[in-house]
Amino acid sequence: MAEIQWGSVEELQVPDIRANGSLVQAGSVTAEIALGPLGSPRPASPVWAAADWPAAGVAQVLIGPGQAIDPERGEYVVYLRLTDPPQIPILRSGRLSVQ
């Protein structure tokens, strides 16, 4: 589980992204990251933030004040959306704790 301090601006990474058993190559698909409250169904209209690919199999997005994703204190599920037409899977990709 990733943890950040409330009010902090940091990279949130989703590591080990695989397709057919192999790491997804950086930039080969479009990646977006969103958060949803832990223990709740996935939000119907979450805020999706475009992710960067710093390395193969790793997507990341900057979160915090002034960013597309600015979470309040709490526990969240991290969602990853990959766009590789015609497929657009949404994956649960870990947890985030904002203290």
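Of note:
- Cβ pairs under 9 Å, 6+ apart, first in the range 78-95 and among the hydrophobic types (A, V, I, L, M, F, W, C), second assigned to a strand (DSSP E or B) and loosely packed, with under 14 Cβ neighbours inside 10 Å: VAL78/ARG92; LEU80/LEU91; LEU80/ARG92; LEU82/LEU91
- Residue count for the range 37-64 under the criterion of being modelled with pLDDT of 95 or more, of a type in the set (Gly, Ala, Ser) and buried (at least 16 other Cβ atoms within 10 Å of the Cβ): the result is 4.
- Exactly one residue out of ALA26, ALA49, ALA55, ALA31 is free of Cβ contacts under 8 Å to residues at least 24 places away in the same chain and under 24 Å from PRO85 (Cα atoms), and it is ALA49.
- Residue, surrounded by the fewest Cβ atoms within 10 Å (Cβ to Cβ), within the range 65-99, restricted to residues that are within 13 Å of the chain's Cα centre (by Cα) and under 12 Å from GLY7 (Cα atoms): ASP70
- Selection status of PRO71, without any contact (Cβ under 8 Å) to a residue 12 or more places away in the chain and either touching a Gly at 6+ places or on another chain (Cβ under 6 Å) or not aromatic (Phe, Trp, Tyr) (or both): no
- Any hit, the range 72-80, residues being closer than 21 Å to VAL98 by Cβ, outside any strand (DSSP E or B), at pLDDT 95 or above and among the charged types (D, E, K, R): yes
- Some residue of the range 48-63 being part of a loop (DSSP other than H, G, I, E, B), among the β-branched types (Val, Ile, Thr) and either out of contact with any strand residue (DSSP E or B) (no Cβ under 6 Å at 6 or more places or on another chain) or more than 16 Å from SER8 (Cβ to Cβ) (or both): no
- Looking across the range 14-39, the residues that are in a strand (DSSP E or B) and either among the small types (Gly, Ala, Ser) or farther than 12 Å from SER93 by Cα (or both) come down to ALA19, SER22, LEU23, THR30, ALA31, ALA34, GLY36, PRO37.
The values are calculated or read from the model by the stated rules, or taken from the named source; none is laboratory data. Note that the structure is predicted; figures quoted are calculated from it, not measured. So basically every Cβ, Gly included, is an ideal-geometry build from the backbone, and we count neighbours across all protein chains shown.
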